[in-house]
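Encoded as structure tokens, the structure appears first; notes follow it.
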Amino acid sequence: MSDPLSLISAGARRVGSMLSGSAGASPRNDAADFSELLERARAGDVTTGAPVRTAQGLELSLSDEQLARISAAADKAESQGAHRAVVLIDGMALKIDIATRTITDRVQASSAGLLTDIDAVVSVPDPKEKHQPLLAPPQVNPAAFAAAQTPLGAA
């Protein structure tokens, strides 16, 4: 039976050689390549290229370019530990299961309601605009939020 750590090491060497362009590297370089890859993954700079699909029965038409951008957003969300996210892209809000890379629903932001089971919101920039970060914590002004609330029954 193989040692699980040796399997990880072998995978890191293969990934490291892909990053550096070399066919073989010394063990010392392997560790540096793996550390570099790990840091890049944590920063969300490593993309899997894993395709995103839409759930069966969900009527949604997306271009290949939009699907590629959603895939990159899913990579970014996954690198931050997200499992389910809302992806904001081209005026749409899409609920996506990160693990299965499946768009499960289209969220209607204008309708009232509660959205649960979401641990990230990813804003995908328009490729024609200046690059913006894909994932950022929500910014809420507590005073403005409190002022906008109306008591129950008041309309």
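Each reported figure results from applying straightforward, stated rules to the coordinates on display, with no laboratory input. What you are looking at is a predicted structure, and each value in this text was computed from that prediction instead of being measured. Virtual Cβ from ideal backbone geometry, glycine too; neighbours counted across all protein chains shown.
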Completion exercise
Low-density loop trypsin sites (Lys or Arg not before Pro), the range 69-129, at most 15 other Cβ within 10 Å, DSSP non-H/G/I/E/B, are Lys128
Exercise for the section: List the residues whose amide H sits under 5 Å from the amide H of Val122, counting only those 5 or more places along or on another chain, with H placed 1.01 Å from N in the peptide plane. Expected result: Val86, Val87, Leu88
Fill in the blank from the handout: Stretched fully, the stretch from Thr100 through Ala43 gains (0.36 nm per residue minus C-alpha distance, one decimal, in nm) 18.4 nm
